[in-house]
Structures are given as structure tokens and as C-alpha cells.
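What follows is calculated from the coordinates using simple rules that are stated; it is not laboratory data. Since we're looking at a predicted model, the values are computed, not measured. Cβ placement follows ideal geometry from the backbone for every residue including glycine, while neighbour counts extend to all protein chains displayed.
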Amino acid sequence: MNVDLAGLRLANPTMLASGVLGYTAETLENIAENGAGAVVTKSVGLKPRDGYANPTVVQASCGLINAMGLPNSGIDEFAKEIRSAKKVLQVPLIVSVYGFAEEEYATVARKAVEAGADAVELNVSCPHVKETGSEIGQNPEILAKVVMKVKTAVAKPVFVKLSPNVTDIVYIAEAAVKAGADGLTAINTVRAMAIDTETTMPILSNKRGGLSGPAVKPVAIRCVYDIYERVKVPIIGCGGITDWRDAVEFFLAGASAIQIGTAIALKRCNVFKTVARGIEPYLKKKGFESVNEIVGLSHRS
Ligand code: RRO
């Protein structure tokens, strides 16, 4: 069940996705104790942000739509959580970083690594916060500058979390890898909204949000499959994984590891253990000796 992600050793291929319970050392430790092979924090920027007013989350038929608006305490305050988390965590700690300019990404990433982050994941794909996220992740030139700047600022693996809200995710993935990304996370949430038929108004205070959960899994599988055909760096699959079969589907598409987020809200924290425990017998039954042997297996002709 061991996997190697650009030099990061994971005891099993399940990871906590950014945005869910990744705010404090305690919750990160709790997720690791529940079996996650690595944890990713909520995205953190240079300065504190309140995020949007409630409602920030609404349940859809097959998932959740959120528009949190990047609430975070800012890297200087959050560095304390990183340091505390590093004292207790037995698994790699990846800090999700956002910025409004390439220098900001680099400064936050450097401070995160100085505080103990084992890697950073660049959030260039938040679907609804202006001037960060998608504006960067939809533009290959700006994205390349961000990645290059961060790569010169830190000596730890740099992962880039991609948006599905683009015409061609492969084109963006290739730009990130060419600029030096050590791995790619696919995908962030899909732009979505919900309207209340009683009030006749959009439910989220921000109106538009990002859809996650089982509804987006087929979209995420297609993204991983397409990216795998064109890039050599490890891909971390993310989007709608709730059980071991979902995870296996992502490996077969080309993911080397998977992230779980919404299933924690819809199911329970022990989803990491149940997913990992399901993968092992599947590998055995099929005659494989490791997860690595099935990464990208669906691409063979
Ligand atoms: O905080 C958010 O509203 C948010 C972020 Br940063 C993100 O990357 N994806 C998302 O669905 N919500």
C-alpha cells in the first residue's frame, strides 16, 4: 500500500483533501489517526480572511455545493498550527497555499515549509474567489510563473491542484509540469449553484459555489485519465471518492494516490481506513502486489 509521491512516502494512498477539517493541528491529527496516509490543510494565504457570510454550504442531490470564500487565519498565525501538527503527526503534512500574485504564493509556501510543511499544494483552482484560484489556474502563462516562483522559494515537493472549470485541463496540466510542478491534484470543485424555490433566491450568500462529492466523480476520473496520457509526474485523484471501488477507479485512470474530502461530511472520518482496507483485498484477489501496479492500468490497449 506504500506510495511515493515525488519523494513523499505515504504508508497508504489515501489523503485528506484540502478544505475539510484541515484548519487545526488537532483535526489533522484526528484524520491521520483515522488512517489517512497524508493530510492537506485548508488553503492559507498571506493575510487573514473572514470568508463569505452564511450560508456557505448547501447539500445537492449527490454532493455538496460550497462557497466558503477562503476563510483562513493567514500564514503567520497558521504557522503555529503547522508547528504543532508536525510535533504529533506520523504522516506527511501538505500545506495548501493560495495567493493573489506569484510573490504571495512564494512567500506563503516558504513560510509554510519553514514551519515544517513536507510539501505544498498550490490552490490555483478555487472556483469562486476573484483574482486567485481560477484566474490563475485557467491561464497557463500566469500559472507557470506562480509554479516557477514557488519552486525557487522552497526545496520541498510542489503539487498543483487543477480546476475542472477549463476548456482543456491537459493543456493547463502540461503548463504546470513544464514550469516544475512535482505532482498534480485533479480536481477542485465544479462551478455550481442552487436556488431555493420558496425564497426564489440563490441559497449560497455568494450565489455561485463549487460542487464536490459523488456527482463530480466521473468528471474527475475523465480529468485524471486525460492528464495521465500526457504527463509523467504523479497525479493525485480527488473528487467524489466515498469507498474503495472509487479509489481503485482513480488508480486505474492514472492516479498514484487519492484525496477524500466530502465523504468525511457525508460519511465519517474513518472513511480513510475503510477505503484502504478495501483496496488491499482487491489487489490480492487480482494478483497484484502493490497499488503502483494498477496505476494507469486502464490505458493499456
Ligand atoms: O474556500 C472555498 O470557498 C473553496 C476553495 Br479555497 C476551493 O479551492 N474550492 C472550493 O470549492 N471552495
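Quick one: Debye curve from the alpha-carbon atoms of region 149-301 only, equal weights, vacuum; give me log10 I(q)/I(0) at q = 0.12, 0.16, 0.21 Å⁻¹ to two decimals.
Results for region 149-301 at q = 0.12, 0.16, 0.21 Å⁻¹ read -0.57, -0.93, -1.29.
I'd like the distance between the alpha-carbon centres of region 61-118 and region 34-51, rounded to an integer number of Å.
The distance from the Cα centre of region 61-118 to that of region 34-51 comes to 4 Å.
Go ahead and estimate [θ] at 222 nm for the chain from helices alone: -39,500 (n - 2.57) per DSSP H run with n ≥ 4, summed, over the residue count, rounded to 500.
Helices in the chain give a 222 nm mean residue ellipticity of -11000 deg cm²/dmol.
Among K80, K267, K156, which one shows the highest mean-square fluctuation when the chain is modelled as a Gaussian network with alpha-carbon springs under 10 Å?
K267
Roughly how many whole Å is it from the C-alpha centroid of region 219-245 to that of region 1-18?
Centre-to-centre (Cα) distance: 14 Å.
Give me T242, T199, T185 ranked fewest to most by other Cβ atoms within 10 Å of their Cβ, as a rough exposure proxy.
By the 10 Å Cβ count, ascending, the order reads T199, T242, T185.
Given an 8 Å cut-off on Cα distances and at least 6 residues of separation, report the relative contact order of the chain as a percent.
19
Quick check on the chain: take the gyration tensor over C-alpha atoms, sort the square-rooted eigenvalues as a ≥ b ≥ c, and tell me if it's rounded (a/c under 1.5), prolate or oblate.
The shape class here is rounded.
On the principal axes of its Cα set, how long, how wide and how thick is region 88-239? Give whole Å, largest value first.
On the principal axes, region 88-239 reaches 53, 35, 34 Å in Cα extent.
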